[in-house]
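The values are calculated or read from the model by the stated rules, or taken from the named source; none is laboratory data. In this text the structure is predicted, and so the values were computed from the model without any measurement. Counting neighbours? That spans all protein chains shown, and the Cβs are built from the backbone with ideal geometry, glycine included.
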Amino acid sequence: MDTLLSTSVTGGWFVVAVFALALALLSLTVVRRGEGRWSTARWGAAVALAAAAGGALGWLLTWLVSEVWDAFGVSLSIAVHVAVALGCAVIGVGVLALTRRGVWRRLGAVGLVLSAVLVAAMLINIDFGRYATVQQALGLTSFSGATLPSRASAGSGQDASGAALAQLLDTWQPPADLPASGTVHQVDIPASSSHFAARPALVYLPPAALVPNPPPLPVVIALSGQPGSPKDVFEAGQVQGQLDAVAAADRGLAPIVVVPDQLGDPANNPMCVDSALGNSASYLTVDVPNWVRSTLNVAQGRADWAIAGFSQGATCAVQLGTGFSQLFGSFLAIAPELGPSSGDQAATIAKGFGGSRAAYDAAQPLAIMKQDAPYSDSVGVFVIGEADQQFGPNTEKLQAAATAAGIATSLFTSPGTAHDWHTGAYGFAQGIAALLPRLGLPPNAHG
């Protein structure tokens with residue numbers, strides 16, 4: 001069972017088997033001799049018409065969802081349009097086949113429809129990069145519920161920061177029983193101040209944090225996109241594997257990564273501000289840091305803390321990284337928007353800012369950076385997908401403004417990817433690696 005759950009849904013035998021089954025069912029449905037009122041020629045014409053009608057309907061629906069209703073806040077790729085159209089074309093043939101007589105033929109038609117849905121979903125997932133395994137696709141991924149190591153077990157110098165932290169980590173020697181990899185724990189972070197209705201958070205502890213008398217480690221607060229949840233950062237963003245590789249290269253050392261829920265629900269977008277939609281900003285800048293400092297063995301300086309995110313989470317990272325620079329010395333933004341958004345501007349102002357245009361304007365990162373410039377000792381890392389024509393200009397404009405405001409910036413481009421989790425995984429890997437020296441870890445930790 002574990003072998004099946006760990007099977008890839010983006011390549012390999014499982015994908016081949018699903019496509020082969022769909023093709024076999026389609027062949028059995030299409031290649032038929034004439035019978036009854038259906039001559040061979042008439043059946044062939046009906047199949048072609050059903051496929052054309054289904055494909056056209058699928059393309060139309062995808063266009064409406066993507067370009068007219070803007071249901072996801074981002075244009076869907078051509079690959080997604082093709083996948084939906086292809087799936088609907090086969091579904092059209094399956095629905096036509098349901099008119100044939102015979103139990104087995106109708107069961108075959110039902111199987112064809114189901115396989116068409118599965119193939120379309122698989123193609124969309126391959127394009128977007130959200131699920132890697134059967135287990136993830138079924139939502140069965142579980143994280144450790146084990147108690148976090150006590151902060152009281154921290155070694156000497158737990159409040160070190162800056163040069164002192166770098167020196168401490170450079171000379172730290174791991175015990176002989178250092179774990180081979182880190183662990184991801186599911187935790188509840190109390191919203192004592194904000195009262196924000198957050199879902200459980202996830203915490204990555206590198207091997208060096210799992211031993212007695214661990215060193216104080218830097219912190220990355222990481223955020224998913226919307227719709228989404230904290231587990232997206234580890235499943236689609238592949239952050240655990242990336243950080244385990246960092247730790248393996250340097251005595252088990254890597255940042256502690258805390259992934260809180262900034263949404264409250266996949267369908268919500270509180271925009272990382274305090275509003276009637278929920279006090280998301282206070283949760284991320286007061287409750288989460290307070291919990292981290294009181295619970296985990298972490299470094300205390302602002303230079304040792306970074307905030308990162310993908311898509312909506314990236315927008316939050318820029319907002320909070322620039323607006324709360326006394327807390328976050330660095331930020332990583334992977335395909336951000338220009339600022340908080342919940343649909344069009346009028347809807348955003350009404351939902352998130354109580355109808356105040358002035359409050360909306362003040363919350364824009366471009367305005368924040370202009371007001372707070374010049375920044376002193378802040379770092380911003382930006383990442384964009386090469387094919388992301390919608391969010392690419394946003395990223396470049398934000399980077400230019402950050403540079404002008406005195407923030408030390410860098411920009412990475414994910415080859416051939418768009419606004420998807422392929423870009424997200426690339427961005428977390430490149431961005432965290434770029435921030436390691438900034439976070440007090442030895443430069444060779446990512447070499």
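Considering the conditions (1) touching a Ser or Thr at 6+ places or on another chain (Cβ under 6 Å); (2) at pLDDT 90 or above, residue 144 is excluded by exactly one of them, (2). The single residue among 429, 367, 400 that is in a helix (DSSP H, G or I), modelled with pLDDT of 95 or more, closer than 30 Å to residue 125 by Cβ and in the same structural domain as residue 221 (by TED's automatic domain parsing) turns out to be 429. Residue 346 meets each of the listed conditions (1) closer than 21 Å to residue 279 by Cβ; (2) modelled with pLDDT under 95; (3) out of contact with any Gly (no Cβ under 7 Å at 6 or more places or on another chain) apart from (1).
Just to be sure before I move on: is residue 406 modelled with pLDDT under 95, assigned by TED's automatic domain parsing to the domain that holds residue 314, assigned to a loop (DSSP other than H, G, I, E, B) and out of contact with any strand residue (DSSP E or B) (no Cβ under 6 Å at 6 or more places or on another chain) in the structure I sent? Criteria not met by residue 406.
Could you check, for the range 322-331, whether at least one of its residues is assigned to a strand (DSSP E or B), in contact with a helix residue (DSSP H, G or I) (Cβ under 6 Å, 6 or more places away or on another chain) and touching a residue at least 60 places away in the same chain (Cβ under 8 Å)? Within the range 322-331, one or more residues are assigned to a strand (DSSP E or B), in contact with a helix residue (DSSP H, G or I) (Cβ under 6 Å, 6 or more places away or on another chain) and touching a residue at least 60 places away in the same chain (Cβ under 8 Å).
Scanning the range 82-111 for residues that are assigned to a loop (DSSP other than H, G, I, E, B) and either under 30 Å from residue 389 (Cα atoms) or among the charged types (D, E, K, R) (or both) yields 100, 101.
Just checking, how many residues over the range 48-81 are aliphatic (A, V, I, L, M), touching a residue at least 12 places away in the same chain (Cβ under 8 Å) and either assigned by TED's automatic domain parsing to the domain that holds residue 416 or closer than 23 Å to residue 385 by Cβ (or both)?
First, the residues of the range 48-81 that are aliphatic (A, V, I, L, M): 48-53, 56-57, 60-61, 64-65, 68, 71, 74, 76, 78-80.
Next, from what is left, pick out any that are touching a residue at least 12 places away in the same chain (Cβ under 8 Å): 50-53, 56-57, 61, 74, 76, 79-80.
Then drop every residue that is not either assigned by TED's automatic domain parsing to the domain that holds residue 416 or closer than 23 Å to residue 385 by Cβ (or both), which leaves 74, 76, 79-80.
The total comes to 4.
Taken residue by residue, the range 247-254 has at least one member that is under 24 Å from the mean Cα position of the chain (by Cα), part of a helix (DSSP H, G or I) and surrounded by 22 or more Cβ atoms within 10 Å (Cβ to Cβ).
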